[in-house]
Amino acid sequence: MSGQADIALIGLAVMGQNLILNMDEKGFAVCAYNRTVGKVKEFLANEAKGTNVIGADSLKDMVSKLKSPRKVMALVKDLTKFLDDIKHALYCAKIVSYAQGFMLMREAARENKWRLNYGGIALMWRGGCIIRSVFLGNIKDAYTSQPQLSNLLLDDFFKKAIERGQDSWREVVANAFRWGIPVPALSTALSFYDGYRTAKLPANLLQAQRDYFGAHTYELLGQEGQFHHTNWTGTGGNVSASTYQA
């Protein structure tokens with residue numbers, strides 16, 4: 001049943017358990033949640049046995065059991081740092097989203113032979129649009145000082161912002177994965193950033209895999225332009241895709 005609880009509490013250490021029992025005693029319907037779900041079941045079967053406390057086995061389940069407006073109390077170690085990490089993660093992901101947008105515009109301009117004023121485009125969002133990001137002015141400054149800037153991530157202002165916040169960004173995404181919380185905007189932005197800043201990635205192995213199953217050949221580092229084929233199984237012969245006659 002949805003909407004049963006007046007408040008939810010996250011974190012079932014001693015203080016969290018006592019707070020829940022105290023609120024239950026005062027007549028509040030409380031939903032208990034802990035990232036280790038087994039601890040919720042243990043609490044309900046022992047300390048909270050005979051009370052009106054209910055449990056949740058996921059954050060989604062917890063939210064569904066709250067009355068509107070939803071009230072949640074979180075007992076997290078070093079909550080101030082945790083919230084600061086989230087702030088940095090959001091900021092870094094927003095920078096990446098803008099960088100991707102301007103990359104698309106630059107590519108479209110190249111393809112269609114447009115002459116775009118990227119700094120002016122950034123400021124257009126302040127002309128009545130709901131997007132009023134504080135760093136739109138910094139985007140304008142970046143393209144004013146470097147009209148041929150290929151990516152915002154290479155501008156000093158945004159590069160330093162990412163450097164300051166990326167440890168927090170990684171911490172938030174790692175914790176979300178650990179707790180089973182989907183954060184697609186934060187995680188895909190981080191993957192894009194890591195892919196963009198890294199010259200050599202495991203994706204290079206795709207050439208070898210394609211050669212293995214389709215004899216599509218591959219290039220070696222330091223031998224660009226020279227295509228090789230390997231008889232990976234010992235039974236495939238030396239015929240490569242580039243020598244097929246249609």
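Hey, what angle do you get for helix 79-112 against the long axis of the chain, alpha-carbon based, 0 to 90 degrees rounded to 10? Compared with the principal axis, the helix lies near 30 degrees. Distance from the Cα centroid of the stretch 19-70 to that of the stretch 159-205 is 33 Å (rounded to whole angstrom). Taking a straight Cα-Cα cut-off under 19 Å and skipping sequence neighbours fewer than 8 places away in the same chain, the aspartates and glutamates within cross-link reach of Lys160 are Asp84, Asp85, Asp141, Glu171, Asp194. Less than 15 Å Cβ to Cβ from Gln166, Lys/Arg counted +1 and Asp/Glu -1: what total charge do the surrounding residues give? Within the 15 Å Cβ shell, the charges total +1. For the chain, modelled as a GNM whose springs connect Cα atoms under 10 angstrom apart, the maximal fluctuation among Tyr143, Tyr218, Tyr118 occurs at Tyr218. Given R0 = 30 Å, the distance between the Cβ atoms of Trp125 and Thr198 translates into a calculated FRET efficiency of 0.50. The stretch between Glu163 and Arg115, if pulled fully straight at 0.36 nm per residue, gains 14.1 nm over its current Cα-Cα span. With R₀ set to 35 Å, the beta-carbon distance separating Phe28 from Ser97 gives a calculated FRET efficiency near 0.30. To the nearest 0.05, what FRET efficiency results for His228 and Gln148 with a Förster distance of 35 Å applied to their C-beta separation? Rounded to the nearest 0.05, the efficiency is 0.45. Take the chain, connect every pair of alpha-carbon atoms lying under 10 Å apart with a spring to form a Gaussian network, then pick out the residue of Trp179, Trp169, Trp125 with the largest mean-square fluctuation. Highest fluctuation among the options: Trp125. Of the residues Ser187, Leu90, Leu123, the one whose Cα sits farthest towards the positive end of the charge dipole of the stretch 79-197 is Leu123 (charges of +1 on Lys and Arg Cβ, -1 on Asp and Glu Cβ, taken about the Cα centre). Among the listed pairs Lys26/Lys71; Lys60/Lys94; Lys39/Lys65, those with a Cα-Cα distance over 20 Å are Lys60/Lys94.
Taking the chain as a Gaussian network of alpha-carbon nodes connected by springs under 10 Å, the highest mean-square fluctuation of the residues Pro184, Pro69, Pro202 belongs to Pro202. Normalised by the number of residues in the chain, the average gap of Cα pairs under 8 Å and 6 or more apart makes the relative contact order 14 percent.
Its Cα centre serving as origin, the chain has a Cβ charge dipole (Lys and Arg +1, Asp and Glu -1) of approximately 640 debye. For Gly50, the shell of other residues with beta-carbons less than 12 Å away shows a net charge of -2, using +1 for Lys and Arg and -1 for Asp and Glu. On full extension, the segment bounded by Lys60 and Leu206 gains 48.8 nm, given 0.36 nm per residue less the C-alpha separation. The angle between the Cα long axis of helix 14-25 and the main principal axis of the chain comes to about 50°, on a 0 to 90 degree scale.
As a test, work out the antiparallel percent of DSSP beta bridges whose residues both lie in the chain, rounded to the nearest 5. Taking every DSSP beta bridge with both residues in the chain, the antiparallel ones total about 15 percent.
FYI, it's all coordinate maths here, none of it is from the lab. If you're wondering where the values come from, they're calculated on a predicted model, not measured in any experiment. FYI the Cβ positions are ideal-geometry reconstructions off the backbone, even for glycines, and counts take in every protein chain you see.
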